[in-house]
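Written below as structure tokens is the structure these notes are about.
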Amino acid sequence: MNYRIVNINAGSPTADANVLIIYTGGTIGMITDDSGSLISFNFKNIIEKIPVLKSLNTRITVISFPEPIDSSDVNLNHWVDIGYIIYENYNQYDGFVVLHGTDTMAYSASALSFILEGLSKPVIFTGAQLPIGATRSDARENLITALEIATTRLEGKPVVPEVCIYFNNHLLRGNRAKKAESIHFDAFESENYPPLAEAGVVIDYNLASIIERTDGQKLKFNHKLDSNVAILKLFPGMSRTVVESILNISGLKGVVMETYGSGNATTEKWFLECLEEAISKGIIVLNVSQCTGGRVLQGRYETSRMLPRLGVLSGSDLTTEAAITKMMVLLGTESDPGKVKERLVKPICGEMS
């Protein structure tokens, strides 16, 4: 892929930090032309739009995808491309900011947290609900604060050495976040994990909730992902035909099953038979809750007692976004199905309790 690279003079030659912005697309990188249409923003002119960037005293490089992508079109190859850019430039920058559309940002941030295993530098995803050129745009504040977070250090070490989403004054762990609003500026939530920071007059970091990295940990680039997965969302009145059509997909290796409440599912005999047959064929079934908060506790109620006996794995408090991307990465990385199952139910980078 032929990326476009722009070096921005946003600080003195002796700038305190060096940050790489990766622009994939999305509303944050759009402006309105004379005809009223949205077009891609030229990042060479970013200082004109956001003069305060000069006060950060940071060297900024922008790598843009050749063609900006709507986040609804994001796929596994784009995740690998973002991961590759970070991996190849890892030693040259203090932190990374990924500009991305909001619709699938939680999926991408979750995926990157597993692709970049052993990460010890900030990778901050951000975007905007309004284009950067709009009068009331949230793009400026989101970008400025994301850059500041990406370069903040404490005792010589990055304060936030993990993949995060910064939006509307809140810094969230990327693999704990979900998009919750399509109109308001507070687009993301993290019901099962506290914010890593809140930005007001100062940026107040919740240090107790931030991942601690051990010195000397080597970054691993897990670039092989397996897309032979599916999401099975339960609903009252679901028919056997629907369930079988998903579980009998050719080549299927894993299913994230969205159940009710704390992991409950119908006890219909045909449903349990479908699950048992799928698992006997080697398909991995991971149970996550449809609720935005709480966790799966298989066996707490009668309606989930049979699931672990059939071999259904508990996803604890994983979000669907984290569950499906974790499954993709582990199926692509691990050749032993037993190892995949073992790692699915244990935290890798703070994605589950």
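The values are calculated or read from the model by the stated rules, or taken from the named source; none is laboratory data. What you see is a predicted model, and the numbers here were worked out from it, not measured in a lab. In this analysis, Cβ positions are derived from the backbone assuming ideal geometry, glycine residues included, and neighbour counts consider all displayed protein chains.
Figures for the structure shown
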| item | result |
| --- | --- |
| Tally of residues being buried (at least 19 other Cβ atoms within 10 Å of the Cβ) and either touching a Lys or Arg at 6+ places or on another chain (Cβ under 6 Å) or small (Gly, Ala, Ser) (or both) across the stretch 133-149 | 3 |
| Some residue of the stretch 271-284 being among the aromatic types (Phe, Trp, Tyr), outside the structural domain of PHE188 (by TED's automatic domain parsing) and at pLDDT below 95 | no |
| VAL6 modelled with pLDDT of 75 or more and in a strand (DSSP E or B) | yes |
| Extreme residue, surrounded by the most Cβ atoms within 10 Å (Cβ to Cβ), among residues of the stretch 72-120 that are among the polar types (S, T, N, Q) and assigned to a helix (DSSP H, G or I) | SER110 |
| Every pair of residues 6+ apart whose Cβ atoms lie under 6 Å, when the first sits in the stretch 246-266 and is outside the structural domain of ILE284 (by TED's automatic domain parsing) while the second is modelled with pLDDT under 95 and basic (Lys, Arg) | none |
| Residues located in the stretch 259-275, provided they are among the charged types (D, E, K, R) and either within 15 Å of ILE246 (Cβ to Cβ) or surrounded by 17 or more Cβ atoms within 10 Å (Cβ to Cβ) (or both) | GLU273 |
| Count of residues meeting criterion [surrounded by fewer than 20 Cβ atoms within 10 Å (Cβ to Cβ) and either not assigned by TED's automatic domain parsing to the domain that holds ALA265 or not in a helix (DSSP H, G or I) (or both)] in the stretch 318-340 | 3 |
| Set THR259, THR266: member being under 23 Å from the mean Cα position of the chain (by Cα), polar (S, T, N, Q) and either at pLDDT 95 or above or in a helix (DSSP H, G or I) (or both) | THR259 |
| Condition check for VAL243: assigned to a helix (DSSP H, G or I), in the same structural domain as LEU310 (by TED's automatic domain parsing) and modelled with pLDDT of 95 or more | yes |
| Residue ID - nearest to ASN228 (Cα to Cα), chosen from residues in the stretch 60-75 that are in contact with an Asp or Glu (Cβ under 9 Å, 6 or more places away or on another chain) and in contact (Cβ under 8 Å) with a residue 40 or more places away in the chain | VAL74 |
| Qualifying residue in the stretch 210-229 (condition: in a helix (DSSP H, G or I) and either in the same structural domain as ALA150 (by TED's automatic domain parsing) or in contact with an Asp or Glu (Cβ under 7 Å, 6 or more places away or on another chain) (or both)) | no |
